[in-house]
2 protein chains.
Amino acid sequence: MAPIKVAILGATGETGSSIVNGLLESSTPFEVTALIRPASLTKPKTLDLQNRGMTIIPYDTSANAQQDDEQAIQALRGIDVVIAAVGPDGMDAQLALATAAKAAGVQRFVPSFFATAAPPRGVVDVRGKKEDVLDHVKKLGLGYTVIDIGWWMHGFVPALPSGRTEYVRVEILTMKGGPNVLPGNGDVPTAVTATEDVGRFVARVIADERTLNKMVFVYGEVVTPNQAYELMERLSGEKIERRYLDGPEIMAEIPDVKEALANGEADMLAILKHHVLQYYYSIGVRRDNNPEYAEYLGYLDGKKLYPDLKGVSLEEFFQSILDGKAKRPYTNHS
Amino acid sequence: MAPIKVAILGATGETGSSIVNGLLESSTPFEVTALIRPASLTKPKTLDLQNRGMTIIPYDTSANAQQDDEQAIQALRGIDVVIAAVGPDGMDAQLALATAAKAAGVQRFVPSFFATAAPPRGVVDVRGKKEDVLDHVKKLGLGYTVIDIGWWMHGFVPALPSGRTEYVRVEILTMKGGPNVLPGNGDVPTAVTATEDVGRFVARVIADERTLNKMVFVYGEVVTPNQAYELMERLSGEKIERRYLDGPEIMAEIPDVKEALANGEADMLAILKHHVLQYYYSIGVRRDNNPEYAEYLGYLDGKKLYPDLKGVSLEEFFQSILDGKAKRPYTNHS
């Protein structure tokens with residue numbers, strides 16, 4: 001089998017680096033290219049990708065550069081699959097990338113979703129931006145696969161009295177600093193995935209003809225926040241403090257960042273809190289992030305597509321934290 | 001089998017009246033309710049629906065009335081399927097209707113699509129409004145079925161030198177007045193349906209569990225505009241004048257109605273021309289309105305779902321026009 005040629009935008013990010021690992025370690029042969037901003041070409045992370053056998057291609061995501069797309073089309077010629085793994089601020093860069101991918105004859109475009117099952121618009125603002133990209137892809141008639149993976153297991157890691165879990169807790173994901181926050185009544189089932197599994201799942205999905213022009217929901221397991229906390233109490237032998245935030249309480253805590261976003265003011269913490277609390281509401285109050293609602297929205301279920309594909313369980317993940325062997329997200333994975 | 005209880009908003013319109021006929025004449029038992037504006041309760045068309053055994057329920061679509069939805073929920077209780085068949089100006093009325101339908105326990109909501117296969121946004125403005133409604137339905141988690149039927153056969157009826165087709169030609173659909181207009185080079189295959197078939201197709205689709213939470217593309221046949229004109233020349237024995245409008249020419253003729261729409265100025269002809277020319281571009285230049293692109297967009301294909309379901313052929317429709325037996329759209333169908 002000829003290797004599948006994949007180009008990734010955002011290869012050094014949290015999701016992107018998991019995808020790189022998943023592709024390079026897959027039994028399916030992939031030939032992986034990273035699309036890197038010219039300014040980052042000589043950074044250690046980029047050189048590391050190169051050392052691992054990946055091709056590096058300069059790709060300028062700035063608006064000016066996107067006007068001249070001939071270079072981008074040239075770069076993508078011969079590529080089978082283009083994957084975008086960008087943050088909330090980088091969504092728009094995918095529009096020109098998709099247009100160039102279509103012109104270059106790319107077979108499948110994987111837009112940057114990689115999050116929870118959620119309604120297209122009106123609940124999670126970031127989701128709406130992703131749907132705008134998907135609308136653009138459909139207007140192009142470009143082959144695509146949407147891959148969502150649920151909520152990161154890292155987002156459910158509670159603080160322990162002993163402090164043993166602090167080294168993997170990301171401030172904004174876990175509302176670190178105050179007491180442990182659980183959305184809703186804590187009893188709403190939610191699909192969770194270990195970040196290291198994202199890439200393994202993606203490698204499987206993009207090599208599968210059945211997922212072309214489809215949305216796929218792949219996840220490790222489905223748990224409630226309460227179950228997650230009880231599991232950690234059992235594994236650690238410690239009592240965990242909880243603070244429940246019901247729907248109106250979550251809504252009241254969401255910072256109004258519309259003006260800040262419009263003015264280009266980068267109060268990053270407020271913006272991240274805005275995003276995360278919208279996810280909390282979607283996950284814990286609206287009950288969006290589960291296989292049933294995903295199926296209603298039109299997703300294929302990864303558990304049905306790949307019965308043999310086992311992800312890291314929440315128990316394994318929590319145990320690895322207590323064993324001091326887990327990684328903190330947003331650190332260098334390369 | 002217990003009858004399926006259906007409520008229709010827009011039952012006296014062109015699409016709505018076809019749906020009413022399709023449901024009442026179906027071998028599947030339907031119990032049909034019309035949701036009628038209070039001001040129209042005593043109109044002849046409404047009384048006629050009543051005489052045909054339909055239940056009439058007052059339903060106020062004005063924005064004020066939608067604030068108080070308790071009455072709407074009460075009206076929809078016990079209804080299995082709600083169908084909206086409204087024009088471009090009435091799309092927003094579906095938002096409150098869908099919310100009430102969810103609260104009333106309605107199983108399936110059929111939003112007002114009933115047109116061509118087209119990308120969600122960015123080509124046909126009306127389509128974007130429909131997608132906004134669908135986004136709202138998905139946010140509600142309300143069961144739904146999107147039904148699109150292609151382009152009306154009436155839209156491809158050419159003027160003949162003898163004038164024999166004039167009695168069914170609608171000015172705006174056919175760009176009546178000037179020469180016969182064909183989009184693009186006239187060679188792009190397009191799905192077409194006779195208006196009378198819309199209701200027959202809908203009756204089949206909404207009684208089918210496979211179409212729940214899906215989009216369905218049902219149509220009579222697929223033809224190119226040139227094939228349609230050649231067919232009419234053969235049937236009529238007359239030579240038909242043609243004017244081809246390529247992509248840039250169509251774009252140049254689309255009136256800019258954004259300001260008119262924003263100011264509430266109702267230059268209806270300009271607005272309709274804007275809509276129809278956007279459809280022309282989508283159908284005849286972009287090649288959107290065909291079963292292949294519909295499948296890419298995620299539609300189920302009516303021909304595959306219902307191999308036995310034959311629609312009126314374009315030849316039968318054209319012959320009925322020449323025989324003086326066809327109907328003009330937008331006249332009273334009740």
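The values are calculated or read from the model by the stated rules, or taken from the named source; none is laboratory data. These figures come from a predicted structure and were not determined experimentally. When we count neighbours, we look across all protein chains shown, and the Cβ atoms used for this are built from the backbone with ideal geometry, even at glycine. These area figures cover heavy atoms from the full protein model, side chains too; ligands, DNA and RNA do not enter into them. Shrake-Rupley method; radii C 1.70, N 1.55, O 1.52, S 1.80 Å.
Quick look at the numbers
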read-out: Members of region B:132-147 found to be within 14 Å of chain A (Cβ to nearest Cβ) and closer than 16 Å to B:Asp197 by Cα, listed by number; value: none
read-out: The one condition in (1) surrounded by 20 or more Cβ atoms within 10 Å (Cβ to Cβ); (2) within 14 Å of chain A (Cβ to nearest Cβ); (3) of a type outside the set (A, V, I, L, M); (4) in contact (Cβ under 8 Å) with a residue 12 or more places away in the chain that B:Lys129 fails to fulfil; value: (1)
read-out: All positions within region A:198-225 that are within 30 Å of A:Ala159 (Cα to Cα) and of a type in the set (A, V, I, L, M, F, W, C); value: A:Val198, A:Phe201, A:Phe217, A:Val218, A:Val222, A:Val223
read-out: B:Ser334, sole failed condition from (1) at pLDDT 90 or above; (2) among the small types (Gly, Ala, Ser); (3) within 20 Å of the chain's Cα centre (by Cα); value: (1)
read-out: So A:Leu160, is it in contact (Cβ under 8 Å) with a residue 24 or more places away in the chain, surrounded by fewer than 23 Cβ atoms within 10 Å (Cβ to Cβ), out of contact with any Lys or Arg (no Cβ under 7 Å at 6 or more places or on another chain) and of a type in the set (A, V, I, L, M, F, W, C); value: yes
read-out: Close pairs from region B:1-27: first within 22 Å of B:Ser40 (Cα to Cα), partner part of a helix (DSSP H, G or I) and open to solvent by 30 Å² or more (accessible area, probe 1.4 Å), Cβ under 9 Å, at least 6 apart; value: B:Ala11/B:Lys45; B:Thr12/B:Lys45; B:Thr12/B:Asp48; B:Ser17/B:Lys45; B:Ser18/B:Glu196; B:Ser18/B:Arg200; B:Asn21/B:Glu196; B:Asn21/B:Arg200
read-out: Subset tally (residues that are on the phi > 0 side of the Ramachandran plot and either within 12 Å of chain A (Cβ to nearest Cβ) or aliphatic (A, V, I, L, M) (or both)) for region B:262-314; value: 2
read-out: Segments classed as helices (runs of 4 or more DSSP H), wholly inside region B:70-189, with at least 3 members that are within 22 Å of the chain's Cα centre (by Cα) and of a type in the set (Lys, Arg); value: B:125-140
read-out: Unique match (being closer than 21 Å to A:Leu23 by Cβ and more than 14 Å from chain B (Cβ to nearest Cβ)) among A:Thr195, A:Thr165, A:Thr190; value: A:Thr195
read-out: Breaking point among (1) buried (at least 17 other Cβ atoms within 10 Å of the Cβ); (2) farther than 29 Å from A:Ala326 by Cα, for A:Val202; value: (2)
read-out: Number of the exception - B:Pro179 against (1) within 30 Å of B:Gly302 (Cα to Cα); (2) modelled with pLDDT under 90; (3) of a type outside the set (D, E, K, R); value: (1)
read-out: Subset of region B:209-256 (residues that are open to solvent by less than 60 Å² (accessible area, probe 1.4 Å) and assigned to a loop (DSSP other than H, G, I, E, B)); value: B:Leu212, B:Asn213, B:Val218, B:Tyr219, B:Gly220, B:Thr224, B:Glu238, B:Ile240, B:Ile254, B:Pro255
read-out: Options A:Thr145, A:Thr211, A:Thr224; residue that is among the β-branched types (Val, Ile, Thr) and free of Cβ contacts under 8 Å to residues at least 40 places away in the same chain; value: A:Thr224
read-out: Any hit, region B:134-145, residues being more than 27 Å from B:Leu95 (Cα to Cα) and open to solvent by 10 Å² or more (accessible area, probe 1.4 Å); value: no
read-out: Check on B:Lys327, away from every other protein chain (no Cβ under 14 Å), free of Cβ contacts under 8 Å to residues at least 60 places away in the same chain and closer than 20 Å to B:Phe201 by Cβ; value: no
read-out: Some residue of region A:54-61 being without any contact (Cβ under 8 Å) to a residue 60 or more places away in the chain and part of a helix (DSSP H, G or I); value: no
read-out: Criterion (surrounded by fewer than 24 Cβ atoms within 10 Å (Cβ to Cβ) and farther than 18 Å from B:Leu212 by Cβ) met by exactly one of B:Ala100, B:Ala117; value: B:Ala100
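Per-residue answers, yes or no, for (1) hydroxyl-bearing (Ser, Thr, Tyr); (2) farther than 23 Å from A:Pro329 by Cβ; (3) modelled with pLDDT under 95; (4) not assigned by the TED database to the domain that holds A:Tyr299:
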position: A:Ala159; (1), (2), (3), (4): no, no, yes, yes
position: A:Glu166; (1), (2), (3), (4): no, no, yes, yes
position: A:Ala203; (1), (2), (3), (4): no, no, no, no
position: A:Leu212; (1), (2), (3), (4): no, yes, no, no
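Residue-wise test of (1) out of contact with any helix residue (DSSP H, G or I) (no Cβ under 7 Å at 6 or more places or on another chain); (2) modelled with pLDDT of 95 or more; (3) among the β-branched types (Val, Ile, Thr); (4) not assigned by the TED database to the domain that holds A:Asn263.
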| residue | (1), (2), (3), (4) |
| --- | --- |
| A:Ala63 | yes, no, no, yes |
| A:Val82 | no, yes, yes, yes |
| A:Gly87 | yes, no, no, yes |
| A:Asp92 | yes, no, no, yes |
| A:Ala103 | no, yes, no, yes |
| A:Thr116 | no, yes, yes, yes |
| A:Lys139 | yes, yes, no, yes |
